[in-house]
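Before any comments, here is the structure.
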Amino acid sequence: MISEEITLRKLQILAAFVASGSLARTAERMQMSTVSVHRALHSLEDAMRCPLFRNEGRRLIALPAALALAEAAEDAGRTLEAGIRKAREKAGFGAAQLKIGAMYSLTVELIPRLVMGVKLRRPELAIELQLGSNAQLLDKLQAQDVDALLMSLPADGNLPGLLAVPLFEDQLFLASSLAGPAPAAAMADLAACRHEKFVALSDGFATSRDFQRLFEQAGYQPDVVMRVDDIFSLMNLVAAGVGLSLLPGRVSSLFAGRIRFTPLTPEWRCTQHIGLLLQECRERDPNLLALLAEARMLGQQISASGLAAKPLASG
């Protein structure tokens, strides 16, 4: 067992002393006082339980045991530095690749602009995009399969160990085919949709979660004729008239001319908070700092323009 008194710092001081041969030069190199250097060396000697130095007048001379230990300390320091680099690479810190997890709906506008912006800040960085549901993405982040997430933030805000950066807010709308009859009112009342057929996302998606919650509040189970695993398939079903659905305003431009987006009446209004999620321990990673800066800028632009909450294809 290595004594707890034999620390990496003391070994570094020893290596510096053996290399310089002087307490004063060691103190300058290690950015500490001469007295502290002297104290650390003698503390190390006591912990080793064997002589490391001898005094010649006012000079401290390293013995062969000290030279052997200093050489081993330098080897250990190089091994440890390599291990730290490998550990950071495994964790994605400062890596040459940035892995971003995102909801499908954010690929319409936010993701392309975000990737272009990050590439301008860090041209050497390779960016990989992984899409999935909220539940899938959170699992990927916890397993360190991705470096950051762009998704709908959990309503309860319970995100231990994660840093959440809100970017913009979005609203849900009642989506219907423009080929079908126009709604009777300018705003949709979910309580009046009891006899309609619906299509929906599978469990685990933010919009699926909100869909279920709103209809529970409405007091009935909607007639869901089909569930799918991505929002683009869902929009195709709505456009084809298979059923109604609830969709976020951020995807309205994708099927302009085919899908009608009708605002919900105030009692059914549902806001999704879109944000960036990353592990707190990695917030100083230079890749993630570039992503954070670009995401905040784009979030402000989207919020100011109102594109997320104001569908282009309202019918």
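Close amide-amide hydrogen proximity is noted between Leu264 and Leu174, Ala188, each under 5 Å apart and 5 or more residues distant or on a separate chain (H modeled in the peptide plane; Pro and chain starts excluded). Expressed in Å, the radius of gyration and Dmax of the Cα atoms of region 182-315 are 17.1, 53. Placing unit charges on the Cβ atoms only, positive for Lys and Arg and negative for Asp and Glu, gives the chain a dipole magnitude near 780 debye about its Cα centre. Atom-type composition of the exposed protein surface of the chain places 53 percent of the accessible area on carbon and sulfur (1.4 angstrom probe).
Taking only DSSP H segments of four or more residues, each worth -39500 (n - 2.57), what value at 222 nm results for the chain once the sum is divided by all its residues, to the nearest 500 deg cm²/dmol? Each step should come with its number before you reach the end.
Values: 9 runs with 127 residues, N = 315.
So the calculated ellipticity at 222 nm is -13000 deg cm²/dmol.
Counting lysine pairs in the chain that sit 8 or more residues apart in sequence, or on different chains, and whose Cα atoms lie under 16 Å apart gives 4. Computed over the Cα atoms of region 99-187, the ratio of the radius of gyration to the Kirkwood radius (Rg/Rh) comes to 1.08.
For the chain, the residue among Ser152, Ser252, His42 whose Cα projects farthest onto the positive side of the dipole built from Cβ charges is His42.
Over all pairs of different C-alpha atoms, region 39-87 has a mean inverse distance whose reciprocal, the Kirkwood radius, equals 12.3 Å. Computed from phi, the 3J(HN,Hα) profile of region 40-56 under the Karplus parametrisation 6.51, -1.76, 1.60 (θ = phi - 60°) reads 5, 5, 6, 5, 5, 4, 5, 5, 6, 6, 7, x, 10, 9, 9, 9, 10 Hz, with x in place of Gly and Pro.
Take the Cα radius of gyration of the chain and divide it by 2.2 N^0.38 Å, N being the number of residues; the result is 1.54. Computed from backbone phi, the HN-Hα couplings of region 287-301 come to 5, 6, 5, 5, 5, 4, 4, 5, 5, 4, 5, 5, x, 5, 5 Hz, rounded to whole numbers (Karplus: 6.51 cos²θ - 1.76 cosθ + 1.60, θ = phi - 60°; Gly and Pro given as x). Karplus-based coupling profile of region 216-233, in residue order and whole Hz: 5, 5, 6, x, 8, 8, x, 7, 8, 8, 7, 10, 10, 9, 8, 6, 6, 5, with θ = phi - 60° in 6.51 cos²θ - 1.76 cosθ + 1.60 and x standing for Gly or Pro.
The values are calculated or read from the model by the stated rules, or taken from the named source; none is laboratory data. These numbers come from a predicted model, not from an experiment. Cβ coordinates were reconstructed from backbone atoms using ideal geometry, including for glycine residues, and neighbour counts include every protein chain displayed. The accessibility values were calculated without ligands, DNA or RNA, using every heavy atom of the protein model including side chains. Shrake-Rupley method; radii C 1.70, N 1.55, O 1.52, S 1.80 Å.
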